[in-house]
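Peer 1: Provided herewith is a single structure, encoded as structure tokens, for subsequent inquiry.
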Amino acid sequence: MIRCAYCGAKNKDAFEYCVRCSEPLDHAVAIQPSPFRVLLPLAVVALAVLAAVAFWRRTGPAEEPSPSGSPAGRAAEPAASAPARPFDAALAMVSSQEGLEAFREGDYETAANLLEQFVQEAPDNPWGHMYLSLSYEQLGDQEAAIRAMQSAFDIAPRNRAFERYLVSMLRKSGQNAEAEEVLRQHLEVYPDDDAAKVELARTMRAEGRTEEAIAAMEAVVAQSPDNLDARLELGESLKTGGRSDEAAAAFRGAAEAHPDSAVAHHAWGVTELASGNFQASLKPLQDAARLDEENGSYRFALAQAYESLDKIPESLGEYEAFLRLSPDDPLAPKIGQLVKRAKAALAERQAQGRSGGNSGN
């Protein structure tokens, strides 16, 4: 399971978007790294780190890392506060290898201690700062995690991974203005990065600058109508701005442009549902549940639509599906009790109907 960085909801690993708030989950995966997703094989990573250290130490300033994230060089001079003592290659090797192995095994406290030693020996190695940051993130020390990731970004501002990690951490800690600054720095280098533009709009929305976010996403959608993330963010911004009808239209456009996107259909359906347009909400919610049958939140929304339309048997079926798929949801106990009472009342009503029919014969 992974936790959404924006609303905190738990999601299955395979989900691309949050089941509760429809935000992308790429950052959620990034800030809770699985060793098999984030790390290369340990030996490869250790060799790459050590080779980079040797390269930077021996050759001095070089060109910045490539956008792909390859540690090809150094983007900034070592900080003025860097330790003024000889480079201890043996200590760097041990601390990097053992630190990365501890990270891979989930021993984040040991990893943080060892990686602290490593960045002291190689303060201009951004990858050491990155793994140190991720270790602190896992330990719950958000301030230290941000500080270390900021160091990685300052050294290699062209590396997109550092930008995404740093923005995610800043936003998670509520530092939206700082996250916006990082994104704007990134967009100065990559002005055509639509993913960063979407993240910038999401950040502005979090800051309460909804109309700016709407305008930014309208521009991206106009230029790239197939961009699903931009369409979804446009809908979310419109909904946040109280423009529910326009939000529903934006989500409908996303669903029509991407008919296989359960997220788009769900966002459209719940927006109609929240606006009291129960009949209009039914089809998109049915489509969302059909496209992702194992998503408990989708089944819950469909159950609400059925209930609002007085389709009680259908509603009970979807509520039961929700309970089966999302037993740990905070709403599950309450929904379970309501379903039991509703099923009992429905059975009693049906029994009375049969009894009345027999007496009439």
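The values are calculated or read from the model by the stated rules, or taken from the named source; none is laboratory data. This structure is a prediction, so every number in the text was calculated from the model and none was measured. FYI the Cβ positions are ideal-geometry reconstructions off the backbone, even for glycines, and counts take in every protein chain you see.
Conditions tested, residue by residue: (1) among the charged types (D, E, K, R); (2) buried (at least 19 other Cβ atoms within 10 Å of the Cβ); (3) touching a Phe, Trp or Tyr at 6+ places or on another chain (Cβ under 7 Å); (4) over 30 Å from GLU207 (Cβ atoms).
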{"residue": "GLU101", "(1), (2), (3), (4)": "yes, no, no, yes"}
{"residue": "PHE118", "(1), (2), (3), (4)": "no, yes, no, yes"}
{"residue": "PRO126", "(1), (2), (3), (4)": "no, yes, yes, no"}
{"residue": "VAL167", "(1), (2), (3), (4)": "no, yes, no, no"}
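Peer 1: Failed condition for ASP329, given (1) part of a helix (DSSP H, G or I); (2) surrounded by 17 or more Cβ atoms within 10 Å (Cβ to Cβ), with all others met?
Peer 2: Of (1) part of a helix (DSSP H, G or I); (2) surrounded by 17 or more Cβ atoms within 10 Å (Cβ to Cβ), only one is false for ASP329: (1).
Peer 1: Here is a further query. Could you say which residue among GLU188, GLU256, GLU233 is of a type in the set (Asp, Glu), at pLDDT 95 or above, part of a helix (DSSP H, G or I) and surrounded by fewer than 21 Cβ atoms within 10 Å (Cβ to Cβ)? Show your work before the answer.
Peer 2: Numbers: GLU188 fails: at pLDDT 95 or above; GLU233 fails: surrounded by fewer than 21 Cβ atoms within 10 Å (Cβ to Cβ).
It is GLU256.
Peer 1: Something else: Quick check: is even one residue across the range 260-267 buried (at least 23 other Cβ atoms within 10 Å of the Cβ), in contact with a strand residue (DSSP E or B) (Cβ under 7 Å, 6 or more places away or on another chain), within 20 Å of ASP229 (Cα to Cα) and touching a residue at least 24 places away in the same chain (Cβ under 8 Å)?
Peer 2: Yes, that holds for at least one residue.
Peer 1: Here's something else I'd like to know. Pick out the one residue from SER133, SER96, SER151 that is farther than 23 Å from HIS186 by Cβ and surrounded by 19 or more Cβ atoms within 10 Å (Cβ to Cβ). If you could, list the steps in order and put the result at the bottom.
Peer 2: Details: SER133 fails: farther than 23 Å from HIS186 by Cβ; SER151 fails: farther than 23 Å from HIS186 by Cβ.
Selected residue: SER96, the only one of SER133, SER96, SER151 that is farther than 23 Å from HIS186 by Cβ and surrounded by 19 or more Cβ atoms within 10 Å (Cβ to Cβ).
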